[in-house]
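Structure record follows, encoded as structure tokens.
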Amino acid sequence: EVELLESGGGLVQPGGSLRLSCAASGFTFSNYAMSWVRQAPGKGLEWVASIGDRPINTYYADSMKGRFTISRDNSNNILYLYMSSLRADDTATYYCAKETESSGYYPFDYWGQGALVTVSS
Amino acid sequence: DTQMTQSPSTLSASIGDRVTITCRASQSISTWLAWYQQKPGKAPRLLIYKASSLESGVPSRFSGSGSGTEFTLTISSLQPDDFATYYCQQYNDYWTFGQGTKVEIK
């Protein structure tokens, strides 16, 4: 059974940084691209970043470029999202999601339960 | 960037109703479109991919159609478990979600 378990969320001050982790199990992690999607309270879904099976292929939404970094550890089946220069409008639940293929643009067939990040002083 | 626009934003329907949600892309995305269902406090669930392909385990009352810039999600006979918010997503050029359609009980 595929499982994605996010951790690392919490309260952070504006301008601060935070690293989210997503532990994957139940599938061959190194064979699939992975993504982060966020959802602000009461709002819709927003794609954040994606990484191919090979870590050299990374993609970011424009508003996250230069502030967020997606990475992966294929030896330990973990996906990361490092977030810096955080702003109040980054407050959201961050979901880890598995893509259906190894690279390129594909839909997300499995999602984690989400990690809440609150940016506030 | 490809923008996705869903309509309506909210839909009130009764059990057994046929429900249709529309999604329009700002430019052609061929059939690179997915639909997701999300219930309050839960992660989204993939329903449809490549515009009309049903994800494994999804009930057959869900169907998708369209290509280019206009797409629809249809629920043939609305069931109690279907009251949720539905999102379209293009994956032709990066990934973009529609703003969502909430299906409420009439």
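Here are a few things to note about the model shown:
- The stretch B:61-104: C-alpha gyration tensor shape, a/c 1.5 cut-off, then a/b vs b/c: oblate
- Couplings for the stretch A:46-54, taken from phi via the Karplus curve 6.51 cos²θ - 1.76 cosθ + 1.60 with θ = phi - 60°, read 9, 5, 10, 6, 9, 9, x, 4, 9 Hz in order; Gly and Pro are left as x.
- Averaged over its residues, the protein assembly as shown has an accessible area of 45 Å² per residue, based on protein heavy atoms and a 1.4 Å probe.
- Sequentially through the stretch A:23-40, phi angles give Karplus couplings (6.51, -1.76, 1.60; θ = phi - 60°) of 8, 10, 8, x, 7, 7, 3, 5, 9, 10, 6, 9, 9, 10, 10, 10, 9, 5 Hz, Gly and Pro residues having no value and appearing as x.
- A Förster radius of 22 Å, combined with the Cβ-Cβ distance separating residue A:65 from residue A:17, puts the computed FRET efficiency at roughly 0.90.
- Amide hydrogen neighbours beyond the local backbone of residue B:47, cut-off 5 Å, H modeled: B:35, B:36, B:37
- The stretch A:18-97 versus the stretch B:4-51: alpha-carbon centroid distance in Å: 23
- Our summary gives the stretch A:67-116 a relative contact order of 27 percent, counting only alpha carbon pairs under 8 angstrom and 6 or more residues apart.
- Greater than 26 Å apart at Cα, pairs in A:65/B:39; A:98/B:106; A:98/B:50: A:65/B:39; A:98/B:106
- Members of the stretch A:43-81 that become less accessible by 50 Å² or more once partner protein chains are added (1.4 angstrom probe, chain alone as reference): A:45, A:47
- Along the stretch B:54-66 the Karplus relation, 6.51 cos²θ - 1.76 cosθ + 1.60 evaluated at θ = phi - 60°, assigns HN-Hα couplings of 7, 5, 3, x, 8, x, 6, 6, 8, 8, x, 8, x Hz to successive residues, with x for each Gly and Pro.
- Tensor-based shape of the stretch A:1-102 (alpha-carbon gyration tensor, a/c under 1.5 rounded, otherwise prolate or oblate): prolate
- Summarising the amide proton neighbourhood of residue A:117: residues at separation of 5 or more, or on other chains, whose placed amide H is nearer than 5 Å comprise A:10, A:92, A:93, A:94.
- Gyration tensor verdict on chain B (Cα atoms; rounded if a/c is under 1.5, prolate if a/b is larger than b/c, oblate otherwise): prolate
The values are calculated or read from the model by the stated rules, or taken from the named source; none is laboratory data. Since this is a predicted model, take the numbers as computed values, not measurements. All Cβ positions, glycine included, derive from the backbone under ideal geometry; neighbour counts span all protein chains shown. Surface accessibility is based on the protein's heavy atoms, side chains included, excluding ligands, DNA and RNA. Shrake-Rupley method; radii C 1.70, N 1.55, O 1.52, S 1.80 Å.
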